[in-house]
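Below: one structure, written as structure tokens.
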Amino acid sequence: MMHRSPGGPGLLRRALLAGTAGVLAAAGLAGAAGTADAASTLGASAAAKGRYFGTAVAAGHLGESAYASTLDTEFTAVTPENEMKWDAVEATRNSFNFASADQIVAHAQGKNMKVRGHTLVWHSQLPGWVGGLSAIDLRTAMNNHITQVMTHYKGKIYAWDVVNEAYQDGSSGARRSSPFQDKLGDGYIEEAFRTARSVDPNAKLCYNDYNTDGQNAKSNAVYAMVKDFKQRGVPIDCVGFQSHFNSASPVPSDYRANLQRFADLGVDVQITELDIEGSGSAQATSYTNVVNACLAVTRCTGITVWGITDKYSWRSSGTPLLFDGNYGKKAAYTAVLSALGGSGSGGGGGGTASCTAAYSLTQSWNGGFNGQVTVTAGSAAITGWTVTVTVTPPQKVSATWNGTPSWDSSGNVMTMKPNGNGNLAAGASTSFGFTVTSNGTTTAPKVGSCTAS
Ligand code: G2I
């Protein structure tokens with residue numbers, strides 16, 4: 001692999017010395033938020049296992065009290081979801097805007113949470129001007145970007161995703177095309193890590209990618225790169241495994257073994273963007289498998305989920321996170337907490353969550369009627385429920401209460417989720433209601449089955 005040192009041998013030597021100091025220094029900020037009950041939150045339970053439990057955070061949601069309080073109660077680390085990306089901080093060459101990212105870092109510091117910096121060099125969310133540069137200018141711009149951003153946050157970041165997603169999917173094991181790869185060649189990754197070490201020797205420097213969670217051509221290529229870096233003294237401290245899973249891309253059976261083989265190269269490993277599409281006990285089981293894999297690998301130092309609530313997930317329709325749209329704890333939450341050795345009171349666990357939905361007409365008049373659906377939890381506590389209500393056109397639902405509705409494209413099918421009334425003890429009930437404008441049709445609405453979480 002070719003290395004083009006940005007400042008010749010002198011700079012290279014300084015970078016290596018700085019790297020040694022970085023290993024000796026205590027990296028990052030203190031660990032867990034101090035307030036939580038060790039048994040009852042994700043963060044405190046993970047801390048008891050010597051690990052952090054983090055989440056991606058969007059600055060725009062910090063003002064929502066349920067968002068902030070769930071963050072502050074449950075998590076001990078944050079990753080800005082978009083706010084530190086190149087297009088957010090340097091949309092125009094050499095003009096830096098840290099406002100949104102600063103908001104997240106300040107919040108995290110106020111709560112003694114770790115911050116993962118995401119990300120310095122990535123092909124995506126890259127402003128157009130970067131791709132338009134000549135090789136020489138691009139190299140300067142890349143090193144300047146790393147230098148300016150890391151200097152701004154020096155001492156505040158536990159670990160940086162220095163380079164993100166540099167390899168292709170599939171069987172080639174090749175590098176992904178990007179302005180960096182195409183103009184600077186293979187050596188750009190090494191150069192980015194050396195520059196990063198020279199700027200903040202106390203930050204852990206990570207390579208981060210997806211579809212590298214099991215052993216495959218892509219993870220083999222990353223493994224070869226990390227091995228080469230370690231052998232040649234290129235500064236790398238950690239490898240992030242994004243872990244975006246769904247039915248097409250489930251938790252690999254060799255997940256733990258793959259984490260372990262990287263750890264055996266002498267780097268820390270972290271689960272950096274965990275989310276698993278699905279619901280109920282299947283989703284909970286997958287989450288359990290991920291947590292258990294991390295706990296089984298000594299150098300797996302933390303887990304970050306890619307968001308707090310399903311409603312703000314980048315793939316919201318797949319409900320991939322631990323909290324539902326009302327911040328109710330899902331079965332997956334309970335499963336993670338229990339895998340971490342905690343024992344919270346959040347319901348939904350154990351795969352036994354169930355509920356029933358029953359319709360009744362509560363009022364009618366010439367032109368419309370009110371309906372009510374009573375939701376009753378089964379033999380286990382539940383933390384959320386979903387019921388669909390279908391009306392017959394040209395009927396329209398004109399009002400709802402005690403629920404959070406969403407609609408299909410026809411406007412005839414309403415999917416109702418809780419509005420603060422998702423947590424039900426075993427056998428307990430709640431109800432939601434709605435007004436239907438008949439438009440000449442008095443057919444009773446069709447209420448679908450109840451799905452619990
Ligand atoms: O795609 C999932 C993740 C894969 N690994 C790297 C992560 O950085 C990446 O995160 C996602 C964010 O969760 C999304 O929120 O990265 C996406 C962009 O590649 C983010 O989506 C973008 C939208 O595409 C933009 O339209 C939007 O303006 O979020 C922006 C800010 O909301």
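Panel note: the C-alpha atoms of region 44-92, placed on their principal axes, show extents of 44, 25, 7 Å (largest first).
The reciprocal of the average 1/r between distinct C-alpha atoms defines the Kirkwood hydrodynamic radius, which for region 385-453 equals 12.7 Å.
Sorting Tyr167, Tyr359, Tyr312, Tyr287 from the fewest to the most surrounding beta carbons within 10 angstrom yields Tyr359, Tyr312, Tyr167, Tyr287. Couplings 3J(HN,Hα) of region 47-58, computed from phi: 4, 5, 9, x, 9, 9, 10, x, 9, 5, 10, 10 Hz, in residue order, whole Hz [Karplus 6.51 cos²θ - 1.76 cosθ + 1.60, θ = phi - 60°; x for Gly and Pro].
As a proxy for reagent exposure, Leu138, Leu120, Leu322, Leu361 were ordered by neighbouring Cβ count within 10 angstrom, fewest first; the result is Leu361, Leu138, Leu120, Leu322. For the residue pairs Lys329/Lys396; Lys111/Lys156; Lys85/Lys204; Lys204/Lys230, the C-alpha atoms sit more than 21 angstrom apart in Lys329/Lys396.
In terms of its Cα atoms, region 80-196 spans 43, 33, 23 Å along the principal axes, sorted from long to short.
Shown here for region 278-335: trypsin sites (Lys or Arg not before Pro) in loop regions (DSSP other than H, G, I, E, B) with at most 10 other Cβ atoms within 10 Å, of which there are none.
Computed from backbone phi, the HN-Hα couplings of region 105-110 come to 5, 5, 4, 4, 4, x Hz, rounded to whole numbers (Karplus: 6.51 cos²θ - 1.76 cosθ + 1.60, θ = phi - 60°; Gly and Pro given as x).
Each 20 Å bin from 0 upward holds the following percent of the Cα-Cα pairs of the chain: 24, 49, 22, 5, 0. Computed from backbone phi, the HN-Hα couplings of region 206-217 come to 10, 9, 10, 7, 10, 6, 10, 6, x, 7, 7, 4 Hz, rounded to whole numbers (Karplus: 6.51 cos²θ - 1.76 cosθ + 1.60, θ = phi - 60°; Gly and Pro given as x).
Counting every other Cβ atom within 10 Å of each residue's Cβ, Asp324, Asp237, Asp408 order from fewest to most as Asp408, Asp237, Asp324. Only one residue of Pro235, Ala88, Asn289 has its Cα farthest out toward the positive end of the dipole of the chain, where Lys and Arg carry +1 and Asp and Glu -1 on Cβ, and that residue is Pro235.
log₁₀ I(q)/I(0) of region 229-342 at q = 0.12, 0.13, 0.22 Å⁻¹, via Debye over equal Cα point scatterers, no solvent, to two decimals? Those come out to -0.43, -0.49, -1.17, one per q.
Near the amide H of Thr304, within less than 5 Å, lie the amide hydrogens of Gly54, Ile271, Thr272, Glu273, Leu274, all on another chain or at least 5 residues away, with H placed in the peptide plane. Among the listed pairs Lys330/Lys417; Lys154/Lys218; Lys114/Lys311, those whose Cα-Cα separation exceeds 21 Å are Lys154/Lys218; Lys114/Lys311. Taking every DSSP beta bridge that has both ends in region 183-323, the antiparallel portion is near 5%.
Summarising the strand pairing of the chain, around 55 percent of its internal DSSP beta bridges are antiparallel. Under the criterion of Cα pairs below 8 Å and six or more residues apart, the relative contact order for the chain equals 13 percent.
No value in this document is a laboratory result; all are computed from the given coordinates. The structure displayed is predicted, hence computed values, not measured ones. A quick note on method: Cβ atoms are made from the backbone with ideal geometry, for glycine too, and the neighbour counts reach across all protein chains shown.
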